[in-house]
Amino acid sequence: MAERRVTVQAEVGLHARPAATFVQTAAKAGIDVTLAKVGGQPVNAKSILSVLALDVRQGENVVISAEGDGAEELVETLAAIASAP
Amino acid sequence: MSTTVLAPVAGRALVLAQVPDPVFSAGMVGPGLAVDPERGAAEAVAPIDGQIVKLHAHAFIVAGAGGRGVLVHLGIDTVQLKGTGFRLLAREGDLVSAGRPIVAWNPADIEAAGRSPVCPVIALDAAAEAVAALALGPVRAGDELFRWE
């Protein structure tokens, strides 16, 4: 299991462009990947509905988790998107 | 399974490519259509039957049969208005019928605040080819806007 915890930096939170970019990148992966608020229920990171409904605001911490081939690289890439200002 | 998505506002139905925001015009959020709303006080309505899974002042998501979610975004970059000019007529978690008023707003005020009031209506997690326009040009709130196969 690969896992990264990051703080969302974008002013709009994980909405609009950051959310779309995050989900598009996750959806290209051949393995399952989830997004959760710290201590919260993980949701499918490949679903824009799930990610928008999670409603992550600027300054909130999230956990990105994946398992399988390329999991480390995938969570690293997604962590970079989620924490980009 | 087929879902008919209704126009949340009255105005002129547009293809997403005409939306003045590349996140929507390039289909990054998903396929759909947009409505350039009539200027004047109005109520944005639910585009499908379902549950309001997210309700912001400037945007809301209704998830219906099969977990299909439709995003209605009231204007472009309107998150920056921090709710000013919008009045919620429903609550997050509410079960709603298509056509039920969700948010009261005035597109003329949004425009006066320097932002486009164009409303993207997006089929979330849908493939681009799953969406077919049912209207282009003038629509009333509650008219059929697009079909989601």
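Quick rundown of the values:
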{"quantity": "Residue that is nearest to the other protein chains (Cβ to nearest Cβ), among those in region B:72-106 that are in contact with a helix residue (DSSP H, G or I) (Cβ under 7 Å, 6 or more places away or on another chain) and in a loop (DSSP other than H, G, I, E, B)", "calculated": "B:Gly75"}
{"quantity": "Flag if A:Val62 is of a type outside the set (Lys, Arg), more than 21 Å from B:Gly93 (Cβ to Cβ), within 11 Å of the chain's Cα centre (by Cα) and modelled with pLDDT of 95 or more", "calculated": "yes"}
{"quantity": "Any chance B:Gly69 is within 18 Å of A:His15 (Cβ to Cβ) and not β-branched (Val, Ile, Thr)", "calculated": "yes"}
{"quantity": "Residue in region B:104-111 that is touching a Leu at 6+ places or on another chain (Cβ under 9 Å) and within 21 Å of B:Thr3 (Cβ to Cβ) present", "calculated": "no"}
{"quantity": "Which numbered condition B:Leu88 misses (of (1) within 15 Å of the chain's Cα centre (by Cα); (2) under 20 Å from B:Ala10 (Cα atoms); (3) buried (at least 19 other Cβ atoms within 10 Å of the Cβ))", "calculated": "(3)"}
{"quantity": "Among (1) buried (at least 19 other Cβ atoms within 10 Å of the Cβ); (2) of a type outside the set (Asp, Glu); (3) within 14 Å of chain B (Cβ to nearest Cβ), the one test that A:Leu35 misses", "calculated": "(3)"}
{"quantity": "Which numbered condition B:Pro47 misses (of (1) touching a Leu at 6+ places or on another chain (Cβ under 6 Å); (2) under 19 Å from B:Leu89 (Cα atoms); (3) surrounded by fewer than 24 Cβ atoms within 10 Å (Cβ to Cβ))", "calculated": "(3)"}
{"quantity": "Residue check for B:Ala126: under 17 Å from B:Leu16 (Cβ atoms) and within 14 Å of another protein chain (Cβ to nearest Cβ)", "calculated": "yes"}
{"quantity": "Wholly enclosed helices (runs of 4 or more DSSP H) of chain A bearing at least 2 residues of a type in the set (S, T, N, Q)", "calculated": "A:16-27"}
{"quantity": "Top-ranked residue in region B:117-136 [being over 14 Å from the mean Cα position of the chain (by Cα) and of a type outside the set (Gly, Ala, Ser); ranked as surrounded by the most Cβ atoms within 10 Å (Cβ to Cβ)]", "calculated": "B:Val131"}
{"quantity": "Every residue from region B:1-24 that is in contact with a Lys or Arg (Cβ under 7 Å, 6 or more places away or on another chain) and either within 12 Å of B:Pro107 (Cβ to Cβ) or assigned to a strand (DSSP E or B) (or both)", "calculated": "B:Thr3, B:Thr4, B:Ala10"}
{"quantity": "Lone qualifier among A:Ala2, A:Ala20, A:Ala84 - being more than 10 Å from the chain's Cα centre (by Cα) and without any contact (Cβ under 8 Å) to a residue 60 or more places away in the chain", "calculated": "A:Ala20"}
{"quantity": "Count - residues of region B:56-69 that are buried (at least 19 other Cβ atoms within 10 Å of the Cβ) and more than 9 Å from every other protein chain (Cβ to nearest Cβ)", "calculated": "4"}
{"quantity": "Of the criteria (1) farther than 27 Å from A:Ala27 by Cβ; (2) touching an Asp or Glu at 6+ places or on another chain (Cβ under 9 Å); (3) among the aliphatic types (A, V, I, L, M); (4) without any contact (Cβ under 8 Å) to a residue 60 or more places away in the chain, which one B:Ala132 fails", "calculated": "(1)"}
{"quantity": "A:Leu14 being in contact with a strand residue (DSSP E or B) (Cβ under 6 Å, 6 or more places away or on another chain) and aliphatic (A, V, I, L, M)", "calculated": "no"}
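The values are calculated or read from the model by the stated rules, or taken from the named source; none is laboratory data. Bear in mind the structure is a predicted one, so any value in this text is a computation, not a measurement. Neighbour counts are summed over all protein chains in view; Cβ atoms, including those assigned to glycine, are modelled from backbone coordinates with ideal geometry.
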